Amino acid sequence: MSNPESLTTHCLCGDTSLTVVPKSLEIGACHCSTCRKWSGGAFLAIESVRVSATGDNVRHYDASEWAERVFCQQCGATPLLKIKRRSRPLCACWTVCPAAGYGVVSSNFYQQ
């Protein structure tokens, strides 16, 4: 799939703005226990080349030795997962919903 241009979206309350440059529109799913607790199920994500999250309620949570999670403190939206050993953050698939042509290409289950 081709690399789309920069996409901008907002959380539920509109405070957190997320600008995403997706690597592609391929969706992956993480089923680890932390992702399931954090997102209410598998975390469906798109690997990104670059992401910026701005707003008064953007919060970063050091969830484990390998992951940092970004969320909106006001509405609880969970748009971003940063794997510490990887340079490319994972954006929740809802961040690119307006784009067409995406599909699930991988599904992972990591034991904690």
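Here, each number is a calculation from the coordinates, and none is a lab measurement. Keep in mind it's a predicted model, so treat the numbers as computed, not measured. Methodologically, a virtual Cβ is constructed for each residue, glycine included, from the backbone with ideal geometry; neighbour enumeration extends over all protein chains shown.
Summary table below
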| item | result |
| --- | --- |
| Restricting segment 1-66 to GluC sites (Glu not before Pro) in coil, as DSSP defines it, with at most 15 other Cβ within 10 Å | Glu5, Glu65 |
| Reach of Lys23 by Cα under 20 Å, taken over lysines that are not fewer than 8 positions away in the same chain | Lys82, Lys84 |
| Length released on extending from Gln73 to Thr54, taking residue separation times 0.36 nm less the Cα-Cα span | 5.6 nm |
| Within-11-Å neighbourhood charge of Tyr61 [Cβ basis; K, R +1; D, E -1] | +1 |
| Separation of the Ser87 and Val21 label points, Cα + 7 Å toward Cβ, nm | 1.2 |
| Under 13 Å, Cβ to Cβ, from Glu26 - net charge with Lys/Arg +1 and Asp/Glu -1 | +1 |
